[in-house]
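Asks: Below are the C-alpha cells for one structure; questions will follow.
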C-alpha cells in the first residue's frame with residue numbers, strides 16, 4: 001500500500017478571494033501530493049507567481065511560489081491509502097499530463113460554472129479540484145458513487161469516503177510537521 005495526499009489551501013491571492021466570495025469554503029485550492037514531503041504536488045493553477053493567467057497543469061510545492069511566500073496560508077491534508085497498482089496509474093496519468101501539458105488548459109468556464117452550479121468546460125480542461133477528483137476517480141483510488149461529471153469544489157474533496165484528515169493548520173506548520181506525517 002502507498003499513501004497519497006490531498007492538500008487544500010486558501011491563499012490571499014485575488015483569485016482565491018473571488019472563489020471564497022462565491023463558495024464561502026474554508027479552502028479554495030486543491031493539489032495532489034504523491035509524497036509526504038509535499039515536494040511532488042500537482043494541480044491546475046497559475047503558471048507564473050504574479051499573474052493569474054496563463055494557467056494550466058502545474059507542479060507545486062510548499063517551499064516556493066505562492067505557498068512558499070505565505071507562512072500563514074491555511075491548509076489541510078487528507079491522506080488516502082492506495083494499492084501499488086493504483087499509485088502507478090496515478091503516476092502514469094500525471095506523467096502523461098505533464099508530458100502533454102500544452103494540450104491541457106485551465107477550466108475558467110468550469111470555475112464560473114462551479115460558482116453558479118452548472119457543469120461547464122471542455123475535454124482536457126480542469127480547475128484544481130476538478131483535476132484532483134478526476135485523477136482519483138479515473139485511477140480507481142476513489143469510488144464515491146457519484147458521477148465523474150459532477151461539479152467538485154475544493155471543500156468537496158474532504159468528504160471523499162477514502163480521505164482521512166491528518167493535518168490542519170497553516171502552511172508553515174505543515175513544513176515543520178511534514179516529517180512526522
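Asks: Give the residue that is modelled with the lowest pLDDT, with candidates limited to residues of segment 52-73 that are out of contact with any helix residue (DSSP H, G or I) (no Cβ under 8 Å at 6 or more places or on another chain) and surrounded by fewer than 19 Cβ atoms within 10 Å (Cβ to Cβ).
Replies: Top of the filtered list is 53.
Asks: When you check residue 132 against the structure, is it within 14 Å of the chain's Cα centre (by Cα), modelled with pLDDT of 85 or more and not in a helix (DSSP H, G or I), yes or no?
Replies: Criteria not met by residue 132.
Asks: Restricting the search to segment 12-41, which residues are under 13 Å from the mean Cα position of the chain (by Cα) and part of a loop (DSSP other than H, G, I, E, B)?
Replies: 27, 28, 34, 38, 40
Asks: So, in segment 150-161, of the ones that are part of a loop (DSSP other than H, G, I, E, B) and out of contact with any strand residue (DSSP E or B) (no Cβ under 8 Å at 6 or more places or on another chain), which residue ends up surrounded by the most Cβ atoms within 10 Å (Cβ to Cβ)?
Replies: Applying the filter and picking the extreme gives 152.
Asks: Taking only segment 162-181 into account, find how many residues are over 20 Å from residue 19 (Cβ atoms), modelled with pLDDT of 90 or more and either in contact with a helix residue (DSSP H, G or I) (Cβ under 8 Å, 6 or more places away or on another chain) or part of a loop (DSSP other than H, G, I, E, B) (or both).
Replies: Total meeting the criteria: 5.
Asks: Also, quick follow-up: Which one of 80, 85 is under 20 Å from residue 165 (Cα atoms) and outside any loop (DSSP other than H, G, I, E, B)?
Replies: 80
Asks: Moving to a separate point now. Inspect all residues belonging to segment 44-59 and state whether any of them is more than 13 Å from residue 128 (Cβ to Cβ), assigned to a loop (DSSP other than H, G, I, E, B) and either touching a residue at least 24 places away in the same chain (Cβ under 8 Å) or touching a strand residue (DSSP E or B) at 6+ places or on another chain (Cβ under 6 Å) (or both).
Replies: Checked segment 44-59: no residue is more than 13 Å from residue 128 (Cβ to Cβ), assigned to a loop (DSSP other than H, G, I, E, B) and either touching a residue at least 24 places away in the same chain (Cβ under 8 Å) or touching a strand residue (DSSP E or B) at 6+ places or on another chain (Cβ under 6 Å) (or both).
Asks: Taking the conditions exactly as written (more than 20 Å from residue 130 (Cα to Cα) and at pLDDT below 85), does residue 25 satisfy them or not?
Replies: no
Asks: For residue 49, are the conditions met, namely being under 19 Å from residue 155 (Cα atoms), exposed (fewer than 13 other Cβ atoms within 10 Å of the Cβ) and at pLDDT below 90?
Replies: The answer is no for residue 49.
The values are calculated or read from the model by the stated rules, or taken from the named source; none is laboratory data. Values in this document were obtained by computation on a predicted structure and should not be read as measured data. Note that each Cβ is placed from the backbone with ideal geometry, even for glycine, and that neighbours are counted across all protein chains shown.
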